[in-house]
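Below: one structure, written as structure tokens.
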Amino acid sequence: MKAKRCKVCRTDFTPSKPMQCVCGLKCALSLASLAKAKRERTHASQERKETKAKLEKLKTRGEWIAEAQAAFNRYIRLRDAGKPCICCGLPMGPSVPGGAVDAGHYRSRGSAPHLRFDERNVHAQRKQCNRYGAGNVIGYRFGLRQRIGIEAVEALEADQTPRNYSIDDLKAIKAKYTAMARELEKALG
């Protein structure tokens, strides 16, 4: 028979059987344990995928809204990185004292849930202004007029169109803003 190379130790050998791919018993046992480990990894990976799929099916609409909102807010923070706070004009960022950043809504999610994913309605805002300053609505409106214009602000204030987001819509929103945030992270370096 023609000489072959052992799959485990990579030495040349002359096989005694036609399908033999290892040089001896030690290499055969080693190959069997490698194959078993590979099967176990594949099986574990498949189980994780199945478990993840089952958990995805069990998510409520509220959980999908929360995930989509988190992806949207992350995008807004990245989009407005380097800009001053929309309502007070102070610098923001992790290196600035008191400059921690929220994605603040001009019209709140509670009073206008249909605008929760409207990019005109949401801008980076210092936590001091958003959480502890009750959103600083007067300053926010002034800053909003400077960024998007008075016509857009008035259109935003007049928008009462209901939007009922289905779970598929929320999945699409999450995917869209996750991808957009990744692109911004790449661009920002």
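The values are calculated or read from the model by the stated rules, or taken from the named source; none is laboratory data. Keep in mind the model is a prediction, meaning the values are calculated, not measured. Here Cβ is always computed from backbone atoms with ideal geometry, including for glycine, and neighbour counts include all displayed protein chains. Ligands, DNA and RNA are excluded from the accessible area calculation, which covers all protein heavy atoms including side chains. Shrake-Rupley method; radii C 1.70, N 1.55, O 1.52, S 1.80 Å.
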Q. In nm, to one decimal, how far is the residue 66 label point from the residue 111 one, both placed 7 Å along Cα→Cβ?
A. 2.6
Q: Determine, from the Cβ-Cβ distance of residue 154 and residue 134 and an R0 of 22 Å, the FRET efficiency 1/(1 + (r/R0)^6), rounded to the nearest 0.05.
A: 0.50
Q.
Just to confirm the number: angle between the C-alpha axis of helix 61-79 and the first principal axis of the chain, 0 to 90 degrees, nearest 10?
A. 80
Q | Accessible area per residue, Å², the chain with all protein chains present, probe 1.4 Å | A | 65
Q) Which value in deg cm²/dmol, rounded to the nearest 500, describes the helix-derived mean residue ellipticity at 222 nm for the chain, given -39,500 (n - 2.57) per DSSP H run of n ≥ 4 and division by the residue count? A) -17500 deg cm²/dmol
Q: Grab every C-alpha pair in the chain, bin the distances at 10 angstrom width from 0 up to the longest one, and report whole percents.
A: 8, 23, 22, 12, 9, 10, 8, 7, 1
Q. Against the longest alpha carbon principal axis of the chain, how many degrees, from 0 to 90 and to the nearest 10, is the axis of helix 137-148 turned?
A. 70
Q. Carbon and sulfur: what percent of the chain's accessible surface (1.4 Å probe)?
A. 57
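Would you mind calculating the gained length between residue 30 and residue 169 on full extension (0.36 nm times residue separation, minus the Cα-Cα distance), in nm to one decimal? Numbers along the way, then the final one.
On the way: separation 139, 0.36 × 139 = 50.04 nm, distance 5.06 nm.
Here the segment from residue 30 to residue 169 would lengthen by 45.0 nm.
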Q. Order of 85-91, 27-33 by packing, highest average Cβ count within 10 Å first?
A. 85-91, 27-33
